[in-house]
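The values are calculated or read from the model by the stated rules, or taken from the named source; none is laboratory data. Predicted, not measured: the structure shown is a model, and the values here were computed from it. Every residue, glycine among them, receives a Cβ derived from its backbone with ideal geometry; neighbour counts consider all protein chains shown.
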Amino acid sequence: MSFDKPYPLTPAQEASFAADGFLILSDVLNPAEVTDLQAWAREVHTWPSRKGEHMPYTEVRADGSVGLCRTENYANYHSGFNGLFRGERLTGILSKLMGEPAVLFKEKINYKEPGGSGGFDAHIDAAAYNHAGAVKHTTFLMAVDAMDLTNGCLEVVVGSHTQEIPLAANRCIDPEWEAKATWTPVPLPAGALLVFGSYLAHRSGPNSSPRARAAIYATYNGVSEGDKHDSYYAHRRAAWPPSDERVPGVDYTEGALTYAYGSPMTGGVALIDSKLAGDKVDGVIRLMKAQGEADYIGEKISQLEHALQAAHSARTSGANEPTVVAALLHDIGQFVRSDEAMMVNGASVGNKGHEALGAAYLASLGFPGSVTQLVGAHVVAKRYLTATRPGYLDALSTASKMSLTCQGGPFTPAEVAAFEADPLAKEKVALRLWDDGAKVVGADVPPLESYHEMMVRVLVKQDRR
């Protein structure tokens, strides 16, 4: 079988691709070639793992099982695919669209098993390709099986290849941009091709149908940028190896950020989430260290010492991790810059509304409500306790009594009833009592860094909900 006969693109098709960023071609392969394509894809799917050759990646499926979700770097080991991908029929199409001869950059088969497996987040491909030295790529999507929304066909934003698309920290498309964009599904019959560039916004949902389906992606760059195929896969194999080639103890985080963002490949999301959460926690720690040595207003310890004592009390009391983190960060609003201070008799007793300021800051980082609600309520919990617990007001420090006057004073009976109906009322009261007791000069407690991994776990757990 030969794929050397060029496929004739029309001027109208070229214009459509330039305007929309993608082009559907339904007749590039004849029925017999479609049958061969399907047989080849099944053949590659059944290949045993061979270290150093093709690159199979697994996923954790919707039912919890682990199975193959993708095979990469197989053209060099399969004569049929090699002839198809490197033959004039396909390369000639791209040469017309790219304005120069096209060379194969990479190839993959994505498998979507039935029952809700295999979705890909909104992204552009350029973020995963440009590091390899070629910056202009065009891809063929070949439908091995018929594709529609029920089994997770591709969705695109028409014309987005000409736009500046903002990316989130995980290198997927910014969620706000994604939500505002108009997404167009691209259903394809078996054997049809979709051509699109690496700057076109696209995504695909999971396969919710009862049947498995597969799709082939062959990506090319212009010959002026060189043949990058083998060097791309050498880098990928080192940075993000196939699932069964990974070495225990080796950190593949950077490889996951480059090659696994937005995909269901095993380990990718966990590594990316942990890396991004760790970066956020590093920022919180830097903030607390930079300003934490300042006096804790009206007390004989620093802000940081106060935070660490509150967190230690929470941890030794057996509180869950979100509550311990809330205790550690309950006064983070005092560390965040504010132009409005609470003044009593001409002296500052802290940032006005620091509890709300802190809760908003932590929410912006992605901390869950089980943290932010406690942080945002440690002042109202003081107001509750002054209204309901005899002797509580008298036991407060002078600074805490002074700030209470700016915070609304003790609760009214109606406010007490509303507070007690809160599902987190018990935790809010506990945090307030740890706060009140965290004013001991010279207390020996664990350092700030000892909470790093706990904060990461709380953030990652929230991100995966």
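Computed values, structure above
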quantity	calculated
Residue in region 284-291 that is farther than 19 Å from Glu449 by Cα and either surrounded by fewer than 17 Cβ atoms within 10 Å (Cβ to Cβ) or outside the structural domain of Val371 (by TED's automatic domain parsing) (or both) present	no
Members of region 229-251 that are in contact with a Gly (Cβ under 7 Å, 6 or more places away or on another chain) and either more than 17 Å from Glu72 (Cα to Cα) or crowded, with 20+ Cβ neighbours inside 10 Å (or both)	Trp240
Boolean, Lys401 is surrounded by fewer than 13 Cβ atoms within 10 Å (Cβ to Cβ) and in a helix (DSSP H, G or I)	no
Condition met for Glu155 (at pLDDT 95 or above and acidic (Asp, Glu))	yes
Number of the exception - Thr91 against (1) under 30 Å from Gln163 (Cβ atoms); (2) polar (S, T, N, Q); (3) in contact with a Gly (Cβ under 9 Å, 6 or more places away or on another chain)	(3)
Every residue from region 309-350 that is more than 22 Å from Pro368 (Cβ to Cβ) and at pLDDT 90 or above	Gln309, Thr316
Subset of region 363-388 that is closer than 12 Å to Leu433 by Cα and in contact with a His (Cβ under 9 Å, 6 or more places away or on another chain) - its residue that is surrounded by the most Cβ atoms within 10 Å (Cβ to Cβ)	His378
Some residue of region 126-133 being more than 24 Å from the chain's Cα centre (by Cα) and touching a residue at least 24 places away in the same chain (Cβ under 8 Å)	yes
Search result, residues across region 146-167 that are surrounded by fewer than 19 Cβ atoms within 10 Å (Cβ to Cβ) and within 30 Å of Ala32 (Cβ to Cβ)	Ala146, Asp148, Leu149, Thr150
Pick from region 146-176, criterion among the hydroxyl-bearing types (Ser, Thr, Tyr) and either outside the structural domain of Gly262 (by TED's automatic domain parsing) or over 23 Å from the mean Cα position of the chain (by Cα) (or both), ranking: nearest to Pro114 (Cα to Cα)	Thr150
Residues that are modelled with pLDDT of 80 or more and hydroxyl-bearing (Ser, Thr, Tyr), drawn from region 101-135	Tyr111, Ser117
Positions within region 387-425 being at pLDDT 90 or above and under 26 Å from Tyr361 (Cβ atoms), in sequence order	Phe411, Glu415, Ala418, Phe419, Asp422, Pro423, Leu424, Ala425
Verdict on Leu29 being under 23 Å from Asp148 (Cβ atoms), at pLDDT 95 or above, crowded, with 17+ Cβ neighbours inside 10 Å and in the same structural domain as Pro185 (by TED's automatic domain parsing)	yes
Residue that is farthest from Asp121 (Cα to Cα), among those in region 229-279 that are part of a helix (DSSP H, G or I), touching a helix residue (DSSP H, G or I) at 6+ places or on another chain (Cβ under 7 Å) and of a type in the set (Val, Ile, Thr)	Thr253
Within region 3-17, considering residues that are within 29 Å of Val158 (Cα to Cα) and touching a residue at least 60 places away in the same chain (Cβ under 8 Å), the one surrounded by the most Cβ atoms within 10 Å (Cβ to Cβ)	Phe17
Single unsatisfied condition, Ala212 versus (1) in contact with a strand residue (DSSP E or B) (Cβ under 9 Å, 6 or more places away or on another chain); (2) assigned by TED's automatic domain parsing to the domain that holds Gly333	(2)
Residues within region 1-19 that are out of contact with any Leu (no Cβ under 9 Å at 6 or more places or on another chain), among the small types (Gly, Ala, Ser) and outside any loop (DSSP other than H, G, I, E, B), tallied	3
Close pairs from region 74-101: first in the same structural domain as Asp230 (by TED's automatic domain parsing) and surrounded by fewer than 16 Cβ atoms within 10 Å (Cβ to Cβ), partner in a helix (DSSP H, G or I) and hydroxyl-bearing (Ser, Thr, Tyr), Cβ under 6 Å, at least 6 apart	Glu100/Ser224; Pro101/Ser95
Extreme residue, surrounded by the most Cβ atoms within 10 Å (Cβ to Cβ), among residues of region 311-334 that are β-branched (Val, Ile, Thr) and under 29 Å from the mean Cα position of the chain (by Cα)	Val325
Some residue of region 257-267 being within 30 Å of Leu328 (Cβ to Cβ), at pLDDT 90 or above and not aliphatic (A, V, I, L, M)	yes
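Matching residues to (1) surrounded by 19 or more Cβ atoms within 10 Å (Cβ to Cβ); (2) in contact (Cβ under 8 Å) with a residue 60 or more places away in the chain; (3) not in a strand (DSSP E or B):
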| position | (1), (2), (3) |
| --- | --- |
| Ala169 | no, yes, yes |
| Trp177 | no, no, yes |
| Thr182 | no, no, yes |
| Gly191 | yes, yes, yes |
| Leu194 | yes, yes, no |
| Arg203 | yes, yes, no |
| Pro210 | no, yes, yes |
| Ile216 | yes, yes, no |
